[in-house]
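Down below is the structure, laid out as structure tokens.
The values are calculated or read from the model by the stated rules, or taken from the named source; none is laboratory data. All figures in this text were calculated on a predicted structure; none of them were measured in a lab. Backbone-built Cβ (ideal geometry, glycine too); neighbour counts: all protein chains shown.
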Amino acid sequence: MKHRTLTYLMCLTLAYAIMATNSMLAQQPFELTDEALTWPDNEPAPCQPVPTERQLAWNETEFYAFFHYGMNTYTGKEWGNGDEKESIFAPTAAPNPRQWLEAVKAAGMKGGIAVVKHHDGFCLWPTATTTHNVSGAGNAYGRATNIPRDFAAAAQALGMKYGFYVSPWDRNSAFYGEDNYVTDVFLRQCLELAEYGSDQFEMWFDGANGGTGYYGGRNANVSVDASIYYDIPNLRARVHQIAPNCVMWGVGGEARWIGNEQGWAGETNWAMADRGGSFTGMYGQEQGWIWLPGESDAKATSGGWFWHNGETVLSAERLFQMYLETVGRNATLILNCPPDKSGALPQATVNRLAELGKMLGQRLGKDLAPAAHIEVSETRTAGAARNYEAANMTDADKDTYWAANDGTTAATITLTWDTPQTIRYLQLMEFIRKGQRIKRFHVEYATDGSTWKPLATTCETTTVGYKRIIPLNGSTSSSYGNGYQAKALRISIDDSRACPLLSSLSVF
Ligand code: FUL
């Protein structure tokens with residue numbers, strides 16, 4: 001009996017507890033939490049492959065310099081054999097990386113890569129990995145040289161991005177071709193360089209992978225299989241531990257060579273490629289399964305990569321054309337400006353860079369799009385905390401974008417101004433964080449706002465990617481011209497791998 005009473009009391013208590021909880025719940029308003037919704041912002045699904053955060057940040061550097069300086073500056077060679085005496089390196093003044101960077105900043109460049117070891121193996125810093133370095137230089141300026149240290153400090157002071165070119169091929173090293181060259185020399189050099197700044201944005205590895213050389217007196221012909229010899233996965237992981245945002249270029253596998261040294265990319269240029277696939281440099285591959293964006297290395301001077309007596313600087317018009325054909329075609333541009341024997345950029349180069357900067361500012365500096373009224377054929381349904389309005393393309397915020405709905409692969413964007421504008425260039429940027437999508441588009445303008453005439457008919461209007469600049473007369477090389485009088489401009493996206501997303505639209 002006692003036992004039954006206890007059981008009864010326990011059941012009663014439990015029943016009261018449940019009722020109390022239920023009434024408490026009934027008083028609380030029912031709220032959906034973020035976890036309960038699978039897709040609160042209605043964001044488009046990524047269109048694979050997509051870039052890493054490191055690759056995205058790298059892409060934003062867009063236009064930067066290459067500085068080929070070192071032993072070859074003093075021998076007049078382009079490729080030293082590796083047997084050059086250290087004492088030949090004798091700058092006539094203290095090398096001045098700050099002057100290099102200031103000059104390229106005036107041209108609109110956002111950073112630079114300094115060559116600190118070329119194929120001859122001579123290191124422009126007092127490395128512990130070889131005696132073939134500045135410590136044995138021919139004068140006090142040479143012995144005091146430490147390019148990685150001074151270049152990093154100058155870039156940081158100027159708010160610019162920086163990185164180093166370190167040649168995997170080393171015609172000086174007695175160990176080149178052996179495993180201990182990779183573990184004890186090359187990897188350590190890369191790590192020493194990474195230690196010069198955890199904020200570096202790119203480490204540059206040329207593709208030259210062996211051949212004849214001094215090799216510590218072996219005077220042999222040593223070739224290696226670059227795809228396995230340099231232990232790239234290990235190299236990449238070790239450098240990223242120190243410099244997490246450093247894109248490992250070329251054999252490093254995070255950005256690709258554009259496939260020529262003339263400063264142009266394909267008009268159709270995908271950021272995707274198959275690793276080790278057939279030649280895709282200029283164009284990339286629409287079906288590529290890894291994100292491998294293109295970088296174009298080109299010379300601002302008439303001769304080699306290193307400074308040579310009597311060389312001239314290319315015209316600002318030619319450099320502007322290169323800019324349009326690289327940065328304007330979904331590639332980055334690394335433009336070589338070689339310092340001379342004094343360790344500074346010649347005045348003619350400095351002057352030309354300033355001229356280029358001015359030209360870029362005049363031609364691509366005043367965006368007419370924010371003043372236009374923009375109409376789109378479709379706007380993706382907004383989510384809880386994000387909308388996909390056309391205005392997102394002109395708000396100067398790279399994290400907002402206009403989007404169409406899933407399933408839409410064609411759309412129009414029409415800009416109308418209150419009064420006709422003189423226009424010459426159209427610039428589009430996809431929101432590549434979710435993959436490169438646009439396959440084909442066309443452009444028209446109307447002087448009266450309604451009679452449409454085609455533009456850019458003599459160039460391919462296919463891919464967009466991170467950035468595409470379309471000269472509206474179709475030519476990257478013709479003179480600046482008078483432009484077009486337009487009251488309206490219409491961009492029709494004709495085909496896309498998935499619903500198109502544009503983060504920016506500019507008209508100049
Ligand atoms: C190449 C090198 O062989 C050239 O000398 C130069 O440094 C160029 C940028 O890369 O692979």
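At a glance:
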quantity	calculated
Close pairs from region 293-322: first in contact (Cβ under 8 Å) with a residue 60 or more places away in the chain, partner within 13 Å of the ligand (Cβ to nearest atom) and of a type in the set (Asp, Glu), Cβ under 8 Å, at least 6 apart	297/261; 304/78; 305/78; 306/78
Residue within region 328-341 that is in a helix (DSSP H, G or I), touching a Ser or Thr at 6+ places or on another chain (Cβ under 7 Å), within 16 Å of the ligand (Cβ to nearest atom) and modelled with pLDDT of 95 or more present	no
Subset of region 202-233 that is surrounded by fewer than 18 Cβ atoms within 10 Å (Cβ to Cβ) and of a type in the set (Asp, Glu) - its residue that is farthest from the chain's Cα centre (by Cα)	225
Candidates 265, 273 - the one that is closer than 24 Å to residue 363 by Cα and assigned by TED's automatic domain parsing to the domain that holds residue 167	265
Sole exception among (1) away from the ligand (no atom under 15 Å from the Cβ); (2) farther than 20 Å from residue 342 by Cβ for residue 91, by number	(2)
Residue, nearest to residue 139 (Cα to Cα), within region 81-106, restricted to residues that are part of a helix (DSSP H, G or I) and touching an Asp or Glu at 6+ places or on another chain (Cβ under 8 Å)	97
Output for region 241-293, where each listed residue is on the phi < 0 side of the Ramachandran plot, not aromatic (Phe, Trp, Tyr) and not in a loop (DSSP other than H, G, I, E, B)	241, 242, 247, 248, 251, 252, 255, 256, 272, 273, 290
Residue list for region 227-254, restricted to those being within 17 Å of residue 52 (Cα to Cα) and either acidic (Asp, Glu) or within 14 Å of the ligand (Cβ to nearest atom) (or both)	249, 250, 252, 254
Tally of residues being more than 16 Å from the ligand (Cβ to nearest atom) and at positive phi across region 112-130	0
Subset of region 234-262 (residues that are within 30 Å of residue 457 (Cα to Cα) and over 15 Å from the mean Cα position of the chain (by Cα))	259, 260, 261, 262
Output for region 280-313, where each listed residue is under 29 Å from residue 464 (Cβ atoms), within 16 Å of the ligand (Cβ to nearest atom) and surrounded by fewer than 20 Cβ atoms within 10 Å (Cβ to Cβ)	281
Residue list for region 343-368, filter: out of contact with any helix residue (DSSP H, G or I) (no Cβ under 7 Å at 6 or more places or on another chain), surrounded by 18 or more Cβ atoms within 10 Å (Cβ to Cβ) and free of Cβ contacts under 8 Å to residues at least 60 places away in the same chain	346
Residue list for region 245-279, restricted to those being acidic (Asp, Glu) and buried (at least 19 other Cβ atoms within 10 Å of the Cβ)	254, 267
Counted residues, region 123-157 - those being surrounded by 16 or more Cβ atoms within 10 Å (Cβ to Cβ) and under 26 Å from residue 295 (Cα atoms)	10
Residues (farther than 17 Å from residue 64 by Cβ and touching a Phe, Trp or Tyr at 6+ places or on another chain (Cβ under 7 Å)) located in region 307-342	340, 341
